[in-house]
Every structure is written in structure tokens, then in C-alpha cells.
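Have a look at the structure below before the remarks.
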Amino acid sequence: MRQDQEDPYQRRSAPVYAAADRAGSGSVASPRPVLYDAVLLDRDGTLIEDVPYNGDPEKVRPVPGARAALDRLRAAGLRLAVVTNQSGLARGYFTGEQMRAVHARVEELLGRFDAWLVCPHDDADGCDCRKPAPGLVYAAARELGTTASRCVLVGDIGRDVGAALAAGAAGVLVPTPVTRPEEVAAAGWVATDLPAAVAEILRRQQAVQPATPPTTPVRTALVVRSDSAGDVLVTGPAIRAVAAGAERVVLLCGPRGRAAANLLPGVDEIIEHPLPWIDPTPGPVDPEAMRSLTARLGAVGADQAVVFTSFHQSALPLALLLRMAGIDRIAAISDDYPGSLLDIRHRVPVGVPEPERALSLAAAAGHRLPDGDEPVLRLRRDAVPQRPADLGDPGYVVLHPGSAASSRACPPEVATRIVGALTDAGHRVLVTGGPDERAITARVAAAGGTDLGGRTDLAGLAAIVADARAVVVGNTGPAHLAAAAGVPVVSLFAPTVPFGQWGPYRVPTIRLGDAAAPCRDTRAASCPVPGHPCLAGVDPDEVVDALRTLAVSGGGSR
Ligand SMILES: [Zn+2]
């Protein structure tokens, strides 16, 4: 948004977010929606048919169903803004006056928008508002009195989704015949048309809102999340929602998730026990261990249990143990028929981000995040130690090459070249990894970074990540630590699981890697394709560019 350009935004003079409308500002206000305050819409190809460089109001044609879909959003109390690249202004193909006439015609046909945000620049201008840069999204959020992470953007090309994610907003792609297949593959959320996108936005918004509070108060809630650190971290918002509605929360986790469980706010007590129907390399089922687990669960005295799982895991074996432990109210997501094992059998469509998927189960069990607690990942402050003093000032970039699943790790030779490129661009790079990743971190850091391999546990890593300007990481636990710290992520995301479910949540993110690689949706733990092509093709300069887009520059301050 260069200041030397003439009026880049067509602003309205009236305040767009009157104080009386702000949720939480008055006793009679309805609770603030959990997920979104606003929907941002691309213009050409999304709201109206794309007529290149159109300056003629007579040529405005809404896409089918647009008016009714927008009215549904308005009726739900969502603010609407248009965010549009109009490089035709920079190129002189039409005037600002003509553009305003087009926008007046759009409002005549589609109703009023609360804000219009226009980038008048060309790619060559290097502005920070032309999508996929995040500037228009930030500006729209400001104009609407909210934050980018409480916005969802609907657009028809990869630039739209990229701008949304780079600002920490959600992005929905509604492809048209001109949308490139790789843009569709890379999008985490795809809808068939505008009315379908709107229906899913409203469904997700509703799904995290309990229809009714629990009929009897919950004194002790037992929440369950087995599996690894990342799984536990993304369940954090849902566990906080349960904690808001219960006096005491006991978390059952597995050994691989214990360190993450220690970091979660809202947890009063932790039980650690492996679950052989969840663990990726399970031991045999030991009847005695199951009996002792059942007894421990019974001793919790929980009056409600909420069993969180990933989409490919079953809650039912544990539900049986919980029943045998005498727990009356059990809630879980289950596509499989649960018989009498569950009191609340919840179902979630595929593609929903894991934190929201879990929040929707908490809602089905009667719980919601309190007003003022955003549905972001969070860590307990008292559980994260001081960052080691010998690392110098904050403002470095963390590169974490490894992953618990090798299919999701960045190939070491690529990570090495990324460190070289970042160092050349003036970044100070810390290379992190677990004790069993020391060989990789040493090799990667030799290109110019500082090797911290094996130096930290998860809490120590959280402290280092929290002071980073950005984290470059695959789909693994530290990506979620970065999200919890609000630190931007360059996500080297192997598409073995859906990005829409497992991408860094509600934090500025740029996704790199081949989203259409043959490993897509295989859930493979080790790459099934020779050469690990989904990440082997990442160009280190793309990482440098991504940091620039995220406003993370080498040297200077954030
Ligand atoms: Zn611009």
C-alpha cells in the first residue's frame, strides 16, 4: 500500500464496526462467534464474472447464487469486505471513477459491503497489498474492527488463498475453469461454488457453538488425546473449552504426547498410558495393563469423558474401557456405529482443521471457548522455560528439518541449501532437532546456521521458537509450537495428510512443496515415492521470498 498512490482504498466514512455491535461490550450482546467475525471476498471470478480490466458497470454479472449466499452471511451477523487486485488502475486500463461505478453496480446487485479494499498496483510495484501478499487482508480486518485470524477469505485463485494464509486468516478456494490444478491441490479448503463456500463457513461457525450447555454441571472432565506432540497441541483449544465448563480436567495422553500435554493450559492432571489401537508402532495388547488403566480411569471420578481422535483413529476401544470404568457420559467422534459405547456420537466432514474438529466435539459435549479466548493454540507460560542466554538476541529464523515421520521431514540436502540461502539473505538461522536428529542438524547447520540439535526438550524448543521471527518446518510438532507462539511459519508441507486439517492453525503461513505429489493423502510415515519429490523440489529462494512476504527480513527488527 504505497502512500504515494492516490487513494488505494475506497473507504466508507461511517465507522464500520459500531461499539454496540462488538460482542462482549454489553450485557445483552450475544456471545462472540467462536471462529469468524468477517468474510472477505475476492471480486472478479468470485463475486462477479471475470471481465478483464472492466470499467463498465453494464458488464457486471454476479456469479449464480451470489446475492442469496451473501445475504445468508449478513443474516448471521458476519461483516463482509471485498479484497481485490485491480492492476488495471496501475496500467491505466480504467480510472478510479470507473472502478467506483463498477463497485456501485456490484452493491446494487449484491447488497452492501462493509468495506472495499483495492490494491491498485502491478506486480512490478512490489507493494505489500497485491495478493498473495497479506496487506489487503490485514487492512480489511482493521477496517472491520477485527483481526485477520478472525476472517475467512473466499477467492478463485491461489493468490487469494495465499494472501489469506499469509495473514493467518482462513482461505477458501472456489475454482473456476481458469484456476490452475496446482492451485486447487495446494488449497486446504475447496468449495464447488460460492453458495457452497458460504454454507460451509456457516456450518463450521455453528459447529463450535454448543446447542445446549450440559444438563448437569461437570465437576471432573476426563479428556483424552493420545498420539504425538502435534496431535496434543492442536487439541488445546478444545481442552480449554472443556476446562471452561468443568471444575477439573484430567488428560489421558500417550508417552509420545506427554511433553506437549505438560504445556497445555486448562489441564489439572495428566495420566500417561499408551493405547495400542492408536500408537503407530504398538506393542501387543496386555490384558493386565488394560485392567490397570481401566481402574485408574475409574479412580478419576469423571462425570464426563470427551475422547479426541484424528480422523483415521477409533475412539471406541477406549470408550469401552471408560464404560467399564463406570463413566456415564462419553462423547467422541465416530463414523463407526458405537452401539451403547457413546452418549454423544459426533460426526465431522473431512477437511476441517484438527483444532476446529476437536472444538466441535467439545461443543457437542456442551462446551465452548469463553469470550476472550481465541481458538488459537496456546501454551502455559509457566511451563515454557527461559530461552538459553547464549543464543543471543531474538529475531532469528528457526529451521527444523526433522520430523517424527520421515515422509514429512525436509530432505537434509534441501534444508542445507535453505540455510545457505537464508544466511546469504542476512538471516541468522538456528537449526533445531531432537536428540536422534543430531547428525542431520549438524550437517544442515554447517551451511551457516547454529546447530541446536539435541539441546532442548519440547518446552525448551517452545522457548526458542517463541522468540523467532519465523519458523521453517515440515508438518510436525514444532509447526504447532510456532502457531501457539504466534510466530509465522514457512510450511514445507508433505501432502501425506490434508493441509486443510494439519496446516499451522490461525498463524501467518506460507505453504511450499508439491501439493500434488504422489504421496498425497497416503498417510505414509516414510515416503513411498523415490526421491521424496514433494519436498525435494523446494527452491531455497522460495523460502527467502516467503519470509519477505511474511514481512520477515534479514537483519533489522521485526
Ligand atoms: Zn498493492
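The values are calculated or read from the model by the stated rules, or taken from the named source; none is laboratory data. All values derive from a computational prediction rather than experimental measurement. Every residue, glycine as well, gets a Cβ built from its backbone with ideal geometry; the counts of neighbours run over all protein chains shown. Calculation scope for accessible area: heavy atoms of the full protein, side chains included, ligands and nucleic acids excluded. Shrake-Rupley method; radii C 1.70, N 1.55, O 1.52, S 1.80 Å.
Before moving on, here are some points about what is shown:
- Of Ser314, Ser334, all but one fail to be of a type in the set (S, T, N, Q), free of Cβ contacts under 8 Å to residues at least 24 places away in the same chain and over 18 Å from Thr220 (Cα atoms); the exception is Ser334.
- The range 119-130, residues that are open to solvent by 10 Å² or more (accessible area, probe 1.4 Å) and either within 24 Å of Leu194 (Cβ to Cβ) or away from the ligand (no atom under 16 Å from the Cβ) (or both): Arg130
- Hey, Ala66 crowded, with 18+ Cβ neighbours inside 10 Å and within 21 Å of Arg142 (Cα to Cα) or not: no
- Residue list for the range 438-454, filter: touching a residue at least 24 places away in the same chain (Cβ under 8 Å) and open to solvent by 30 Å² or more (accessible area, probe 1.4 Å): Ile440, Arg443, Ala446, Ala447, Gly448, Thr450
- All positions within the range 502-531 that are modelled with pLDDT of 95 or more and touching a Phe, Trp or Tyr at 6+ places or on another chain (Cβ under 7 Å): Gly503, Arg511
- In the range 423-474, the qualifying residues are those that are of a type in the set (D, E, K, R) and assigned to a loop (DSSP other than H, G, I, E, B), and the one that is farthest from the chain's Cα centre (by Cα) is Arg455.
- From Ala163, Ala169, Ala133, Ala185, residue being surrounded by 24 or more Cβ atoms within 10 Å (Cβ to Cβ), under 22 Å from Val489 (Cα atoms) and away from the ligand (no atom under 16 Å from the Cβ): Ala169
- Residue in the range 78-116 that is nearest to the ligand (Cβ to nearest atom), counting only those that are in contact with a Gly (Cβ under 9 Å, 6 or more places away or on another chain) and part of a strand (DSSP E or B): Val83
- Selection status of Val208, in contact (Cβ under 8 Å) with a residue 12 or more places away in the chain and in contact with a strand residue (DSSP E or B) (Cβ under 6 Å, 6 or more places away or on another chain): no
- Only one of Arg180, Arg142 that is surrounded by fewer than 23 Cβ atoms within 10 Å (Cβ to Cβ), under 29 Å from Val552 (Cα atoms) and within 16 Å of the ligand (Cβ to nearest atom): Arg142
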